[in-house]
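Have a look at the structure below before the remarks.
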Amino acid sequence: MTEPTLGIDIAKLKFNVCLIRTSGKLKHKIFPNHKAGFEQLLAWLSKQNVERVQACLEATGTYSEPLALYLHEAGHVVSLINPAAIKAFAGSRLSRTKTDRVDAELIARFCLAQEPPQWTPLAVEVRELQALVRRLESLIEMRVMEENRLSSGGVVDTVRRSLEEHLAYLSQEIKRTEELIRKHINSHPGLKQQTQLLDSIPGIAETTAALLLSEITDIKQYRSARQVAAYAGLVPRERQSGTSVRGRTRLSKIGNARLRRALYCPAITALRCSPFFQAWAKGLQARGKSKMSVICAVMRKLLHVAYGVLKSEKPFDPQWAKTA
C-alpha cells in the first residue's frame, strides 16, 4: 500500500481518525460528523502534506456513507468494512481497551494488514431506490407495531383514537411510498428491465423485485450465484471438529438480513404455486430435510435464479433454472 492509511471510527455526532504514515508514524484527530467536519478533515490532511489516503471505516449505513462518499469524490481510496471483521481483528490482537481513539487506530491497522477492496458508491438511481425501499420497510414495521398496540387489551379511548389516526396516516404513507418506488423504477429503463426479469420468477412480485435490486445493487460485482447467496447469509455453515463436535448444518446468517427477510414469503408462495419449485422441493423432502430446511433451500434457490435472470438478461425458464 503506497498511500498513508486513515482509520476512521465514526459515530452519530463525531468521528475519530488515525493517520498512519508510510513511515509508520501515527496522528490522531477528532472531527464533527457533518459536511463542515468533512471539509476540516481534508484541510487537516493537507496540513499533514497528505494528498491521497486509503481511508477505512466501518459500514454503519447512515453514519458512514456520507463521509465515505465525500472522501471518494475528493479522490481518496475508500473501503467500507464489515464491523464483524473489525471485531474479529481486535480479538486476534487480544485488544483489551475499547475507546474511539483506540478503535480508529485498530481500523487503520486492519486496513494496513488486510488491504481491503476499494468501495465504489452506488449509482444515483440505485441509491434513491434503496432509500425508498428502506423507508417503505420502516413504515410497514411501524404499522405492525401500532396494530399490535391497538389489538392489545386495556387501551383507553383517547389512545385508541390516536392509534387509529396514526394507522390511517401510515397506510396512506405506505401507499404513497409504493407509488414513488413504482414511478422511480419506471423512469429508469435499466431498473425497469431488471424488475420485469425478476417478476418472471415464481413467487417474486414487484415489491420483492424492488428490494432485491436495492440490496444486491450491482449484479456484475458477483462472480457466481453462490457469492450472492453468501452475501445474503443463505449458505450452509458446518460445525465439526475432531470426533466429538458434530453440530447441525445451519444457515450462516452472516450477511444482508433484509434479503433473507424479503425472500421468506416468496419462498412460501413458490412452494405453494410453482410446479418447478414443488418438484425441486420434493427431492429435498425425500432426503429427509425438515420443512424449515426446505424453505431456506428454496430461498437460496430463488436468489440463484434471480442472479441467473439478471446476469443473462433473460426471463425465468424452468429448464435452465434446474441447473441454477
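Structure summary
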{"item": "Listed peptides 140-151, 220-231, 299-310, 123-134 by packing density, highest first (mean Cβ within 10 Å)", "result": "299-310, 123-134, 220-231, 140-151"}
{"item": "For region 93-100, 3J(HN,Hα) per residue [Karplus equation, 6.51 cos²θ - 1.76 cosθ + 1.60, θ = phi - 60°, Hz, x = Gly/Pro]", "result": "9, 6, 6, 9, 10, 10, 9, 4"}
{"item": "Fraction of beta bridges assigned by DSSP in the chain that are antiparallel (%, nearest 5)", "result": "65 percent"}
{"item": "Region 155-161 - phi-based ³J(HN,Hα) in whole Hz, Karplus 6.51/-1.76/1.60, Gly and Pro as x", "result": "7, 6, 4, 5, 5, 4, 4"}
{"item": "Förster-model FRET efficiency, 41 Å R0, D157 and A257, C-beta, rounded to 0.05", "result": "0.60"}
{"item": "Estimated FRET transfer efficiency (A205, K35; beta-carbon r; R0 30 Å; 0.05)", "result": "0.15"}
{"item": "Positive-pole candidate from P116, L41, Q285, dipole of the chain, charges at beta carbon", "result": "Q285"}
{"item": "Relative contact order %, the chain, counting alpha carbon pairs below 8 Å whose residues are six or more apart", "result": "13 percent"}
{"item": "From phi via Karplus (6.51, -1.76, 1.60), per-residue ³J(HN,Hα) for region 124-131 in Hz, x at Gly/Pro", "result": "4, 5, 6, 4, 5, 4, 4, 5"}
{"item": "Mean separation of Cα contacts under 8 Å, 6 or more apart, over the residue count of region 5-114: relative contact order %", "result": "35 percent"}
{"item": "Global geometry of region 1-119, whether rounded, prolate or oblate, following the gyration tensor of its Cα atoms and the 1.5 cut on a/c", "result": "rounded"}
{"item": "Packing-based order for 255-261, 184-190, 282-288, 7-13, using average beta carbon neighbours within 10 Å, highest first", "result": "7-13, 255-261, 184-190, 282-288"}
{"item": "FRET efficiency, I268 to E179 (Cβ-Cβ, R0 41 Å, nearest 0.05)", "result": "0.95"}
{"item": "Computed helical MRE - 222 nm, the chain, DSSP H runs ≥ 4 contributing -39500 (n - 2.57), nearest 500", "result": "-19000 deg cm²/dmol"}
{"item": "Protection proxy ranking, peptides 19-32, 54-67, average beta carbon neighbours within 10 Å, highest first", "result": "54-67, 19-32"}
{"item": "Selected from H188, G154, L136, residue furthest toward positive end of dipole (the chain; charges at beta carbon)", "result": "G154"}
{"item": "Unit charges on C-beta of K, R, D, E only; dipole of the chain, Debye", "result": "1440 debye"}
{"item": "Cross-link pairs beyond the 19 Å C-alpha cut-off, checked among K220/K253; K14/K35; K98/K253; K12/K175; K183/K314", "result": "K220/K253; K98/K253; K12/K175; K183/K314"}
{"item": "Long-range HN-HN contacts of I81 with modeled amide H, under 5 Å", "result": "L57, E58, A59"}
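Every number here is computed from the coordinates shown, using simple stated rules; none is lab data. Every value quoted in this text rests on a predicted model; they were computed, and no experiment measured them. For neighbour counting, all protein chains shown are included, and Cβ atoms are generated from backbone atoms with ideal geometry for every residue, glycine included.
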